[in-house]
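Working notes, structure below.
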Amino acid sequence: MIYLLRHGEIKNASTKRFIGQTDVGLSQAGCSQAALWHNCFSHGTATGKPYFDQVFASPLSRCIDMATIVSGFKSNTVTLTDELREINLGKWDGRPVAEIREKFPREWEKRGKDFTGYRPPLGESFSDLSRRVIPAFHKIATENQGNILMVAHAGVNRMILCDLMHKKIDALFTIPQDYACLNLIDNRSTPFKVQEINLRAGDFEP
């Protein structure tokens, strides 16, 4: 079973910014969200035995920290996977959304007209993200069995779920992905099956 988790709340989350590959850490609330999941999975295992057989994570610190807290694994036993990084937003990364709309109206208009293919300056398009993420996910899901924790980002998770549910990339933002949400994917047979989306710690019992 694949446990696809989004990282918890990040620092300064109240400011609406483009956060792609900028390495922003978890906030105190984000660490608390991770701890809730750790407690949840600790109750679902025999004493002293880890719930997860393997852990994969984006190499950005908000995902590494989430993965180690939730799983109890040490950071050097988490498999860091570059393909699970959030979309590269190039020169827009880390900047407020309102600023981009105001200073670059033509670029903003281009993005609106070509949601899947538009690339911010020096960044990736959602089509690029799909080509990076989907093969990596299927490789992990095919080559590993048992309880697999995968910690990534909203854009990455949505792309995986879109692929598995046969949705077009244009439907990406119709899939909810709250901070620290869990998605359950059954990889024990093909095709893989999405069982749950956007679960909170209190909504799930292992």
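The values are calculated or read from the model by the stated rules, or taken from the named source; none is laboratory data. None of these values were measured; they are calculated from a predicted model. A quick note on method: Cβ atoms are made from the backbone with ideal geometry, for glycine too, and the neighbour counts reach across all protein chains shown.
Counting only residues that are small (Gly, Ala, Ser) and without any contact (Cβ under 8 Å) to a residue 24 or more places away in the chain, which one in the stretch 148-206 is nearest to His43 (Cα to Cα)?
That would be Ser189.
Restricting attention to the stretch 1-20, report how many residues are at pLDDT below 95 and farther than 20 Å from Lys91 by Cβ.
Residues meeting the conditions: 2.
Give me the pairs: first residue in the stretch 11-34 and in contact (Cβ under 8 Å) with a residue 40 or more places away in the chain and closer than 17 Å to Glu86 by Cβ, second residue among the β-branched types (Val, Ile, Thr) and part of a loop (DSSP other than H, G, I, E, B), beta-carbon distance under 8 Å, and six or more apart or on different chains, which are they?
Pairs that qualify, where the first residue is in contact (Cβ under 8 Å) with a residue 40 or more places away in the chain and closer than 17 Å to Glu86 by Cβ and the partner is among the β-branched types (Val, Ile, Thr) and part of a loop (DSSP other than H, G, I, E, B), are Gly20/Ile87; Gln21/Ile87.
From the residues in the stretch 47-60 that are over 13 Å from Ala152 (Cβ atoms) and among the polar types (S, T, N, Q), which one is modelled with the lowest pLDDT? Reasoning before the result, please.
Just the residues of the stretch 47-60 that are over 13 Å from Ala152 (Cβ atoms), to begin with: 47-54.
Then keep just the ones that are among the polar types (S, T, N, Q); that gives 47, 54.
Working: Thr47: 61, Gln54: 97.
Among those that are over 13 Å from Ala152 (Cβ atoms) and among the polar types (S, T, N, Q), it is Thr47.
I need a count of the residues in the stretch 1-46 that are part of a strand (DSSP E or B) and either acidic (Asp, Glu) or over 26 Å from Ala136 (Cα atoms) (or both). Walk me through it before giving the result.
Filtering the stretch 1-46 down to residues part of a strand (DSSP E or B) leaves 2-6, 10, 17, 26.
This time we only want the ones that are either acidic (Asp, Glu) or over 26 Å from Ala136 (Cα atoms) (or both), so: 17.
Of the residues in that region, 1 qualify.
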